[in-house]
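Note sheet for the following structure.
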Amino acid sequence: MTKTPQAIRGTQDIFGTDAEAFAHVVETFERIRKLYRFRRVEMPVFEKTEVFSRSIGETTDVVSKEMYSFEDRGGESLTLRPEFTAGLARAYLTDGWKQFAPLKVATHGPLFRYERPQKGRYRQFHQIDAELIGSPEPLADVELLVMADQLLKELGISEGVTLQLNTLGDTESRDAWRAALIEYFRAHKAELSEDSQDRLERNPLRILDSKDPRDKVFVGDAPKIDTFLSSEAQDFFAAVTAGLDAAGVAYERAPSLVRGLDYYRHTAFEFVTTRLGAQGTVLGGGRYDGLMESLGGPATPAVGWAAGIERLSMLVADAGLLAEAPLTVVLAVEDDAALAYAQKVITALRFQGLDAEMVATGSARKRFDKAVKMGAKVLVSFGVKDGAPTANLRAAEPTAEYLAVEQVLQSVHP
């Protein structure tokens, strides 16, 4: 017997209530992004490898260990996208999107990283993503944060989710902070984890979000960004927090929340929860004013966020927010001679926005009982009387659904 191929480790076949929760997240995101006038974009699933190696950084785990890269038949190195931002930045530069600046775009779809699969983390995973490119104003950060907050609230999962917020300062502030961190951690280098010793000179900010207990001992006393903020950076962050206060968005200051790459500036944020185990971040982002330059473009301010659809779906499902809606109409075809009439009716019902099922196979005598067991709000039985197809409408009481079905029956003739 031929052996059936199994699914690839780290992928998933999404079905049933899980698929409904997934669809609910996407549909809610689509509705919210329209309220904020973010334009929908579709992006390639693969790009030239340099799009990600130059933007994410050659030395990051994503580039060095996790990317799905391959050579095509022309010998060019291509990579399945591990995130959206780099591809969107490339499109902004190559497709003439600069003419629309400040540009608000949103997208969603599959991403790929060779990671160790665990709860809420897969090798093919899906994200929703929103970016505001070309605006240097703190109001852009506020708009994206308020949008994210509204999304979580409308998904019904905001309880127990906390917005953690920090500033990375402007270039001057960040450089001064970086130098102070290197000096501080050098004094403890021998006691740091191997990863942090490796990061010390080239990426010391990453030590601040290390999960290794050997590093956590020293993080608490490490220099804080606030000591090095320029007056302009202080004003920028104050404008962001004032905007959040005005919009009624609660947040906590998280001084150890960082972004390791040099092109990140000013605002960094994560919405976190304890309901997903170790994978506590459900949505994260920040301002990346230096990204376009890493791709050969002009200095361009930008801010954005992304969220894992699987993680959001898990929260939606755990909250029990997606009970399956009861069937509205069921049609029981008790005589095959009435089948064509029933087909006309069920088509008309669906065009009127009424969900409907039809029982028209198996023993004709058992179809009515089978239809009853489906528990629909309205049942219509079809038979033949005096040689002509007939429809009999049945319901416990004349509800709005009953009246809607009755109106369709009056308009559709055998």
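What the table shows:
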{"item": "Pairs where the first residue, in region 119-132, is in the same structural domain as residue 309 (by TED's automatic domain parsing) and under 11 Å from residue 11 (Cα atoms) and the second is assigned to a strand (DSSP E or B) and aromatic (Phe, Trp, Tyr), C-beta under 7 Å, 6+ apart", "result": "123/112; 124/112"}
{"item": "Hits in region 161-179 (condition: more than 21 Å from residue 288 (Cα to Cα) and in contact with a helix residue (DSSP H, G or I) (Cβ under 7 Å, 6 or more places away or on another chain))", "result": "161"}
{"item": "One residue from 235, 221, 198 being among the acidic types (Asp, Glu) and surrounded by 13 or more Cβ atoms within 10 Å (Cβ to Cβ)", "result": "198"}
{"item": "Selected residue [exposed (fewer than 14 other Cβ atoms within 10 Å of the Cβ) and either of a type outside the set (Lys, Arg) or not assigned by TED's automatic domain parsing to the domain that holds residue 143 (or both)] from 324, 406", "result": "324"}
{"item": "Sole residue being of a type in the set (Gly, Ala, Ser), in a loop (DSSP other than H, G, I, E, B) and at pLDDT 85 or above, chosen from 222, 246, 238, 242", "result": "222"}
{"item": "Leading residue by the ranking (surrounded by the most Cβ atoms within 10 Å (Cβ to Cβ)) among those in region 327-346 that are within 19 Å of residue 403 (Cα to Cα) and out of contact with any Leu (no Cβ under 7 Å at 6 or more places or on another chain)", "result": "331"}
{"item": "Residues (buried (at least 21 other Cβ atoms within 10 Å of the Cβ), within 35 Å of the chain's Cα centre (by Cα) and assigned to a helix (DSSP H, G or I)) located in region 347-367", "result": "349"}
{"item": "Residue that is surrounded by the fewest Cβ atoms within 10 Å (Cβ to Cβ), among those in region 204-214 that are closer than 13 Å to residue 258 by Cβ and in contact with a Leu (Cβ under 8 Å, 6 or more places away or on another chain)", "result": "209"}
{"item": "Residues being under 16 Å from the mean Cα position of the chain (by Cα), free of Cβ contacts under 8 Å to residues at least 12 places away in the same chain and either surrounded by 15 or more Cβ atoms within 10 Å (Cβ to Cβ) or over 27 Å from residue 132 (Cα atoms) (or both) - total across region 1-42", "result": "2"}
{"item": "All positions within region 316-339 that are in a loop (DSSP other than H, G, I, E, B) and of a type outside the set (Gly, Ala, Ser)", "result": "321, 322, 324, 326, 327, 328, 334, 335"}
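Conditions (1) outside any loop (DSSP other than H, G, I, E, B); (2) acidic (Asp, Glu); (3) at pLDDT below 95, marked per residue:
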{"site": "3", "(1), (2), (3)": "no, no, yes"}
{"site": "14", "(1), (2), (3)": "no, no, yes"}
{"site": "20", "(1), (2), (3)": "yes, yes, yes"}
{"site": "27", "(1), (2), (3)": "yes, yes, no"}
{"site": "30", "(1), (2), (3)": "yes, yes, no"}
{"site": "50", "(1), (2), (3)": "yes, yes, yes"}
{"site": "59", "(1), (2), (3)": "no, no, yes"}
{"site": "88", "(1), (2), (3)": "yes, no, no"}
{"site": "105", "(1), (2), (3)": "yes, no, no"}
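The values are calculated or read from the model by the stated rules, or taken from the named source; none is laboratory data. Just so it is clear, the model here is predicted, and its values are computed rather than measured. For neighbour counting, all protein chains shown are included, and Cβ atoms are generated from backbone atoms with ideal geometry for every residue, glycine included.
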